[in-house]
Structures are given as C-alpha cells and as structure tokens.
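Q: Next up is a structure, given as structure tokens.
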C-alpha cells in the first residue's frame, strides 16, 4: 500500500477543507521502510510518526519542535517514557510468540515495523500538527492508541 500518497492526500484535503491549507513546501513525508533507522527531528520542525506492522498501524504519535527524544528514541525503549510502543508490545499477549522483552524491543521494532514520518515546519503551528495526528488516528485506528474500552470495535 502506498501510505505516503495517502498521507499526502489526507493532509492536503483536510487542511484545505478547513480553510487553512498547507503547501507541500511546509511538510515532508519520509518512508523509513522496513527495517528502519529512526531519524532526528530537525531544528524548526515538528513531526507525526507512524509505526506499521503487517499493514496494521500500531502507533501514531506527535512530537513538537522541542521533543526530539519522543520523535527519535523513546518508543524503542520500554522504560524511557509513559506510553511507548516498546512497552505496548511487551504487554500485548497477542505478541507473545515474538518473545519481545525490554532488552530486544527496540531492535524488534526497527527490524519489523515500517516507520513513516510527516515532518512539518514549526510555522504551520501546533494545531496543524495535532490535526494531522488526529486525522491519521481516525483513518487507521492504531492498535496502541487510547484505551481498548473506548474503541468502537
């Protein structure tokens, strides 16, 4: 599936629909692939990051312009912050066949998930960052976002 084109269409259409269109020179979509190496959040930028495993979105999150650790490294380490992808994988009984532990979670994520990032200029504003994250949540319903009891399924 070409998620990059789909992300681009979602961003273009939703920001235009809400009368605050952003142009292609204000954001970039980076497909880091499988396996992937996390990138840094450049100065003056914000980002929405996604982790996909076997065409299921596991995690979609955002990082503001001063949150490079959240963007680059925290999701690969179960103990680094509240609500990381690593911790979610370790605690998910559906993933027990993969023997994911605190010691190997980061390597497993890098080797097995596709990461796609949306890098935005800080100038588009925090509400744009939040809008894009919310639109992607709405579209893809990532496994490890929100409480299971709050989901429609």
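Q: Quick check: the angle from helix 3-17's long axis to the longest principal axis of the chain, C-alpha only, nearest 10 degrees?
A: With both axes taken from Cα atoms, the answer is about 40 degrees.
Q: May I ask for the angle, rounded to the nearest 10°, between helix 126-140 and the longest principal axis of the chain, with both axes built from Cα atoms and the value confined to 0 to 90°?
A: 60 degrees
Q: Below 8 Å between Cα atoms, with a sequence gap of 6+, how large is the relative contact order for region 73-124 in percent? Walk me through the intermediate numbers first.
A: Details: 44 pairs, mean separation 15.0, N = 52.
In percent, rounded to a whole number, it is 29.
Q: Does the chain come out rounded, prolate or oblate by the C-alpha gyration tensor, with a ≥ b ≥ c the root eigenvalues, rounded set by a/c under 1.5 and, if not, prolate when a/b is larger than b/c and oblate if not?
A: Numbers: a/c = 1.87, a/b = 1.54, b/c = 1.21.
Taking the square roots of the gyration eigenvalues as a ≥ b ≥ c, the chain is prolate.
Q: Can you sort 124, 48 so the residue with the fewest Cβ neighbours within 10 Å comes first? Working shown, then result.
A: Numbers: 124 18, 48 27.
Neighbour counts put them in this order, fewest first: 124, 48.
Q: Let me ask another. Based on the mean of other beta carbon atoms within 10 Å per residue, what is the order of 85-95, 111-121, most packed first?
A: Numbers: 85-95: 17.4, 111-121: 20.1.
Ranked by mean Cβ neighbours within 10 Å, highest first: 111-121, 85-95.
Q: When a/c reaches 1.5 or more, the comparison of a/b and b/c decides; with that in mind, is region 64-153 rounded, prolate or oblate per its Cα gyration tensor?
A: Details: a/c = 2.21, a/b = 1.40, b/c = 1.59.
Oblate shape, in that a/c is at least 1.5 and b/c is the bigger or equal ratio.
Q: Here's another thing I want to ask about it. Helix-only mean residue ellipticity at 222 nm, the chain, DSSP H runs n ≥ 4 weighted -39,500 (n - 2.57), per residue, nearest 500. What is it?
A: Helix contribution divided over all residues of the chain: -9500 deg cm²/dmol.
Q: Still on this model: Counting pairs of alpha carbon atoms under 8 Å apart in space and at least six apart in sequence, what relative contact order in percent does region 19-62 give? Display every interim value, and only then the final one.
A: Values: 22 pairs, mean separation 9.8, N = 44.
Averaging sequence separation for qualifying contacts and normalising by length gives 22 percent for region 19-62.
Q: Using a ≥ b ≥ c from the Cα gyration tensor of region 1-67 (square roots of the eigenvalues), is it rounded, prolate or oblate, where a/c under 1.5 gives rounded and otherwise the larger of a/b and b/c decides, a/b for prolate?
A: Numbers: a/c = 1.98, a/b = 1.22, b/c = 1.62.
Oblate shape, in that a/c is at least 1.5 and b/c is the bigger or equal ratio.
Quick note: the coordinates plus some simple rules give every number you see, no bench work behind them. Every value quoted in this text rests on a predicted model; they were computed, and no experiment measured them. So basically every Cβ, Gly included, is an ideal-geometry build from the backbone, and we count neighbours across all protein chains shown.
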